[in-house]
Structures are given as structure tokens and as C-alpha cells.
Amino acid sequence: MSEKQTENAPAVSLQGDPLKSLAAFAQRGPAPVHLWNPPFCGEIDMRIARDGTWFYNGSPIGRPALVKLFAGVLRRDPERYVLVTPVECVGIQVDDAPFLGVELLRENSGQDQVLKLRTNVDDWVTVSPENPLKFEAGDSGGLKPYVKVRGELWALLTRALFYDLVEWGETRDVQGEAMFGVASSGGFFTMAPLKDVSDLDVSDLA
């Protein structure tokens, strides 16, 4: 972002009352948060729960429009998750992933299969090598699927969507081992060795 753009940016205070301050700012359009390098101004009492619910001062934010405003200025830095404007950034807490995957669409099949994910803030993401699907171990030992939304922000998929991935999955040889995974947009995203597929556990998913 140029110095001129930064100087002309509105004086938004995320520390005072971010619920009011962000409204005017976010109406300027999608925020290029990757271009901004404002000073860190500390933590605020905001948390994204594992089920995608946003909390402010311990209370859930009940207006979806406000949640979308905050999501538009969210960034993952190496140290923490932050909300960013051109003039400041503040840290928030994220219990797992900042977004929840709530709908999964499938186009074509086999080598031509394309999967498209909708998040709880109505972002649509095409699963691809640029926006990959990954599987990580949960606290109970089960697998948790995530899709990269943008930057280093990921969406955790629900249990129902995990079942869709299993249904649309296939087996491929990966470095000499039979692996079960899911194809999309020319990429293949491994879930588990084929011998372990019957033991897949979804207890860590909502």
C-alpha cells in the first residue's frame, strides 16, 4: 500500500469499539491486508470458536454482516491471528481454524473432478494446488480436513463434508504406497494409507 493511500485511510480504532469502527472501513471494499504493515497494538477480547462462532467480550456476535466485516480484515501472522487496518492491527484468539466449511459442491469426476467449498462467511474456494485440502490429526486421533481459503487462513470442514470427501475419494500410488485421497483441479490430496481407511475416525468433527 502506498504512503498516500495509508495517509488517506480512515482513522479506524480496533481497540476502542471495533464493532462500530470497522463498519465504515469495510465498506471501502475487500481489504488487501497482505499489503499492510501497521504497528501491533495488543490483544482485544475477540475469539473465533471451533464451530466458527465469533465472540466479542464473551458474547457471540449475532449479526452475520458484522462477522463478514471482521473476516474481511483477518490475517494470520507468524505469531498470531490479527485484525488489520492500514494504521493498526490487534490480536484475536482462534480456537482451531478461523473459518468453517459448510457446503461442498462437486463438478465432474475422476481426473476432471473439481470441488468448490463455501465457508460460513460465504466465501467460495475452489480446492486446487493453490488452495489445497489437507488432513490433520485431531485431539481424539481422528482426521480433520481443512481447505486453504486465502493467505494462511484455513477452513475446517464439518463431519458431513468429510463424508462427502470419502465418497468422492480414490486410491492412487504415491511414492510406491497405495494412498486414499481426493482429487480436485488437477491436484491429489492424500487422506490416509489405503490400509488405514476402514479405521478413519470423525469424532473430532462437528
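If I filter segment 69-81 for residues that are over 16 Å from the mean Cα position of the chain (by Cα), in a loop (DSSP other than H, G, I, E, B) and farther than 14 Å from ALA155 by Cβ, do I get at least one hit? The answer is yes; a qualifying residue exists. Within segment 91-106, can one find any residue that is touching a helix residue (DSSP H, G or I) at 6+ places or on another chain (Cβ under 8 Å), modelled with pLDDT under 95 and hydrophobic (A, V, I, L, M, F, W, C)? No, because not a single residue in segment 91-106 is touching a helix residue (DSSP H, G or I) at 6+ places or on another chain (Cβ under 8 Å), modelled with pLDDT under 95 and hydrophobic (A, V, I, L, M, F, W, C).
Conditions (1) touching a Pro at 6+ places or on another chain (Cβ under 9 Å); (2) at pLDDT 60 or above, marked per residue:
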{"site": "LEU19", "(1), (2)": "no, no"}
{"site": "PRO32", "(1), (2)": "no, yes"}
{"site": "PRO38", "(1), (2)": "yes, yes"}
{"site": "ALA49", "(1), (2)": "yes, yes"}
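For segment 86-137, filtering for residues that are surrounded by 15 or more Cβ atoms within 10 Å (Cβ to Cβ) and assigned to a loop (DSSP other than H, G, I, E, B) leaves 14. Regarding ALA155, is this residue surrounded by fewer than 21 Cβ atoms within 10 Å (Cβ to Cβ) and at negative phi? So ALA155 fails the test.
On inspection, GLY181 passes the criterion of being surrounded by 13 or more Cβ atoms within 10 Å (Cβ to Cβ) and under 30 Å from ASN120 (Cβ atoms).
Per-residue answers, yes or no, for (1) aliphatic (A, V, I, L, M); (2) modelled with pLDDT of 95 or more; (3) in contact with a Lys or Arg (Cβ under 7 Å, 6 or more places away or on another chain); (4) assigned by TED's automatic domain parsing to the domain that holds GLY52:
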| position | (1), (2), (3), (4) |
| --- | --- |
| VAL147 | yes, yes, no, no |
| LEU157 | yes, yes, no, no |
| THR171 | no, no, no, no |
| GLY176 | no, no, no, no |
| SER184 | no, yes, no, no |
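For segment 67-84, the condition of being closer than 13 Å to VAL33 by Cβ, surrounded by fewer than 21 Cβ atoms within 10 Å (Cβ to Cβ), free of Cβ contacts under 8 Å to residues at least 60 places away in the same chain and not charged (D, E, K, R) holds for at least one residue. The set of residues in segment 57-76 that are of a type outside the set (A, V, I, L, M, F, W, C) and in contact with a strand residue (DSSP E or B) (Cβ under 8 Å, 6 or more places away or on another chain) comprises ASN57, GLY58, PRO60, ARG75, ARG76.
Among the residues of segment 43-68, those that are outside any loop (DSSP other than H, G, I, E, B) and in contact with an Asp or Glu (Cβ under 9 Å, 6 or more places away or on another chain) comprise ARG47, ILE48, PHE55, TYR56, PRO64, LYS68. Figure legend. Inter-residue proximity from segment 116-141: first residues aliphatic (A, V, I, L, M), second residues part of a loop (DSSP other than H, G, I, E, B), beta-carbon distance below 8 Å, spacing 6+ or different chains. Indicated pairs: LEU117/VAL127; VAL125/ASN131; VAL127/SER185; LEU133/VAL127.
The values are calculated or read from the model by the stated rules, or taken from the named source; none is laboratory data. All values reported here derive from a predicted model rather than from experimental measurement. FYI the Cβ positions are ideal-geometry reconstructions off the backbone, even for glycines, and counts take in every protein chain you see.
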